[in-house]
Amino acid sequence: MVWYSILGMLAILASYTFYSMRERNCAAKKLPVKLSSRFKIDGLAIEDSKFQIAEMVDSGRLIVAYGENTSSSFFSKLGPLTQQFFTQYPSVSTINGACLLAISEIRLSEYAQGFISIGHSEDWDIVQLMGEDQVFIIEGSERDIEDFEVSFPSIYHFLISETKLG
């Protein structure tokens, strides 16, 4: 009977150790998130985040400028969700003007090689890997994905977070 208790505790300890090591390895690699329509962050699916952004635009919590320049040589290099976002909203800013996402702002990142800048928020650059939808916020000192500390699974999730802060 004692042996079963000891074996049970060892099994729990081994599974906890394995789980901790796996989480630490994933966090250290900071692998880009692959999105699907079922992907959720904090319980918020992509479709729900799109709906929330539409509600914010309708209520005036986000300002959309439809007459903006709607061309960029980097547009085709954006992830599919980001392309869809900019097709619907060519230029979006928060009410206080601290955050701006616009087709006219899309360019190669000055700070992170291989990344595309899609806008700015105060003093931060908002970037993505080419062809990916994950959004990273960088200050300028970061040069590689391992250095990036703040990220969101999509441009929609980033904007929802930004409007809650402002």
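Filtering region 136-157 down to residues that are of a type in the set (A, V, I, L, M, F, W, C) and either without any contact (Cβ under 8 Å) to a residue 40 or more places away in the chain or not assigned by TED's automatic domain parsing to the domain that holds GLY79 (or both), which residue is farthest from ALA112 (Cα to Cα)?
From region 136-157, those of a type in the set (A, V, I, L, M, F, W, C) are 136-138, 145, 148, 150, 152, 155; that's our starting set.
Keeping just the survivors that are either without any contact (Cβ under 8 Å) to a residue 40 or more places away in the chain or not assigned by TED's automatic domain parsing to the domain that holds GLY79 (or both) gives 136-138, 150.
Numbers: PHE136: 10, ILE137: 11, ILE138: 9, VAL150: 14 Å.
For region 136-157, the residue satisfying everything is VAL150.
Conditions (1) at pLDDT 55 or above; (2) among the β-branched types (Val, Ile, Thr), marked per residue:
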residue: ALA11; (1), (2): no, no
residue: LYS40; (1), (2): no, no
residue: ILE46; (1), (2): yes, yes
residue: GLN52; (1), (2): yes, no
residue: GLU55; (1), (2): yes, no
residue: SER76; (1), (2): yes, no
residue: PHE86; (1), (2): yes, no
residue: TYR89; (1), (2): yes, no
residue: ASN96; (1), (2): yes, no
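For residues that are polar (S, T, N, Q) and closer than 27 Å to GLN84 by Cβ, scanning just region 138-160, find the one that is modelled with the highest pLDDT. Give the steps one after another, and end with the answer.
Residues of region 138-160 that are polar (S, T, N, Q), as a first pass: 141, 151, 154.
The next check asks that each one be closer than 27 Å to GLN84 by Cβ; those that pass are 151, 154.
Numbers: SER151: 88, SER154: 94.
For region 138-160, the residue satisfying everything is SER154.
Which of the residues spanning region 98-126 are of a type in the set (A, V, I, L, M, F, W, C), assigned to a strand (DSSP E or B) and either under 17 Å from ILE160 (Cα atoms) or modelled with pLDDT under 90 (or both)? Don't jump to the end; show me each part of the working.
Let us first name the residues in region 98-126 that are of a type in the set (A, V, I, L, M, F, W, C), namely 98-103, 106, 108, 112, 115-116, 118, 124, 126.
Remaining after also requiring assigned to a strand (DSSP E or B): 99-102, 108, 115-116, 118, 124, 126.
CYS99, LEU100, LEU101, ALA102, ILE118, TRP124, ILE126 - these are the residues of region 98-126 that are of a type in the set (A, V, I, L, M, F, W, C), assigned to a strand (DSSP E or B) and either under 17 Å from ILE160 (Cα atoms) or modelled with pLDDT under 90 (or both).
Residues in region 51-105 that are of a type in the set (S, T, N, Q) and either over 17 Å from SER154 (Cα atoms) or in contact with a Gly (Cβ under 6 Å, 6 or more places away or on another chain) (or both): how many?
Final tally of qualifying residues: 9.
Given the condition in contact with a Gly (Cβ under 6 Å, 6 or more places away or on another chain), farther than 17 Å from PHE51 by Cα, assigned by TED's automatic domain parsing to the domain that holds GLY60 and surrounded by fewer than 21 Cβ atoms within 10 Å (Cβ to Cβ), answer yes or no: does some residue in region 107-117 qualify? First the steps, then the outcome.
Quick first cut of region 107-117, residues in contact with a Gly (Cβ under 6 Å, 6 or more places away or on another chain) only: 111.
Checking the rest, the ones that are also farther than 17 Å from PHE51 by Cα come to 111.
Checking which are assigned by TED's automatic domain parsing to the domain that holds GLY60 leaves us with 111.
Cutting the leftovers down to surrounded by fewer than 21 Cβ atoms within 10 Å (Cβ to Cβ) gives us 111.
Checked region 107-117: at least one residue is in contact with a Gly (Cβ under 6 Å, 6 or more places away or on another chain), farther than 17 Å from PHE51 by Cα, assigned by TED's automatic domain parsing to the domain that holds GLY60 and surrounded by fewer than 21 Cβ atoms within 10 Å (Cβ to Cβ).
Residues of region 132-166 being more than 13 Å from the chain's Cα centre (by Cα) and in a loop (DSSP other than H, G, I, E, B), which ones?
Result: GLU139, GLY140, SER141, GLU142, ARG143, ASP144, GLY166.
Taking region 113-131 on its own, how many of its residues are under 12 Å from the mean Cα position of the chain (by Cα) and without any contact (Cβ under 8 Å) to a residue 24 or more places away in the chain?
Initial filter on region 113-131 (under 12 Å from the mean Cα position of the chain (by Cα)): 118, 126-129.
Narrowing further to those that are without any contact (Cβ under 8 Å) to a residue 24 or more places away in the chain: 127.
Here the count works out to 1.
The values are calculated or read from the model by the stated rules, or taken from the named source; none is laboratory data. What you see is a predicted model, and the numbers here were worked out from it, not measured in a lab. Glycine also receives a Cβ, built like all others from the backbone with ideal geometry; neighbour counts cover every protein chain displayed.
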